[in-house]
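The values are calculated or read from the model by the stated rules, or taken from the named source; none is laboratory data. Quick caveat, the model's predicted, so the values are computed rather than measured. Using ideal geometry, Cβ is built from the backbone for each residue, glycine included, and neighbour counts are taken over all protein chains shown. Just so you know, the surface numbers come from the protein's heavy atoms only, side chains and all, with ligands and any DNA or RNA stripped out. Shrake-Rupley method; radii C 1.70, N 1.55, O 1.52, S 1.80 Å.
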Amino acid sequence: MSLVQTMKNTIRNISQNPTEAVAQAEQRIVELQADREQKLIDAEGDYLEAIAAIDEQIRTLQASVVVHRDRIAAQAVKRARQERKRLEDEKTAFIAEVKKLIPRRQASAARIDAASKEAASAFAELAATDDAIFLNWPEVMPRIDSLGYLRAMRIDVLSPSRKQKMMAGLVREIVNRGPFNIAEEVEKRGRELVNELDGRTDEAAA
């Protein structure tokens with residue numbers, strides 16, 4: 001009988017799962033070694049053939065353990081390789097998505113800058129026309145004292161006064177703090193972000 005056939009016969013009932021197969025084969029080896037020892041003790045006459053058969057089974061099982069352990073190691077390497085590829089693919093996809101979003105973020109920042117400049121211009125014109133109406137009130141008109149509440153600058157979000165310890169009107173606060181140059185700063189941070197992502201990808205690949 002060939003070695004391959006002997007191995008097949010010996011390991012026929014061993015699991016196809018390599019981890020389980022190792023445990024089962026090692027347990028069977030222990031049983032065969034105990035059986036061998038018992039036959040050596042109890043044998044009468046010619047016992048060489050029986051012991052040789054047991055030894056052949058033990059060697060076959062030991063060889064199968066080596067093969068199963070090699071398979072376990074190979075599968076572990078394969079899983080590790082697949083996991084590295086998955087992580088690299090995930091990283092690459094994320095960086096690509098970030099690079100797609102940066103121009104949209106930049107455009108949004110530019111819109112804010114444009115809107116804040118437009119708001120400042122509109123606010124200045126609103127304040128000037130408001131003053132033109134109420135500061136040049138002619139004497140021929142009725143007294144203005146009772147009409148001051150109708151000034152545009154009395155609207156809460158435009159007013160310079162603070163009410164209940166709150167900040168001055170929101171629109172006035174925005175106008176006073178501008179221009180913001182948000183787009184310039186966002187563009188700078190976008191370049192730095194891309195450089196950081198590309199740099200870390202290069203480090204991981206090294």
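Take the Cβ atoms of Leu87 and Arg59, set R0 to 41 Å, and the FRET efficiency comes out at 0.45.
The listed residues Phe123, Phe94, once ranked by accessible area (1.4 Å probe) with the largest placed first, stand as Phe94, Phe123. Solvent-accessible surface of protein heavy atoms, probed at 1.4 angstrom with all chains present, puts Tyr47, Tyr149 in the order Tyr149, Tyr47, largest first. Magnitude of the charge dipole for segment 53-96, about its Cα centre and with charges confined to Cβ atoms of Lys, Arg (+1) and Asp, Glu (-1), is about 200 debye. The simple spin-label model puts a point 7 Å past each Cα toward its Cβ; for Ala34 and Val67 those points are separated by 2.6 nm.
If the chain linking Glu184 and Asn17 were pulled fully straight, counting 0.36 nm for each residue of separation and taking away their Cα-Cα distance, it would gain 54.1 nm.
First select every other residue whose beta carbon is under 15 angstrom from the beta carbon of Lys188; then total the charges, Lys and Arg +1, Asp and Glu -1.
Local charge sum for Lys188: -3.
Between Leu101, Gly45, Ala63, the Cα set farthest toward the positive side of the dipole of segment 41-109 (charges on each charged residue's Cβ, about the Cα centre) is that of Leu101.
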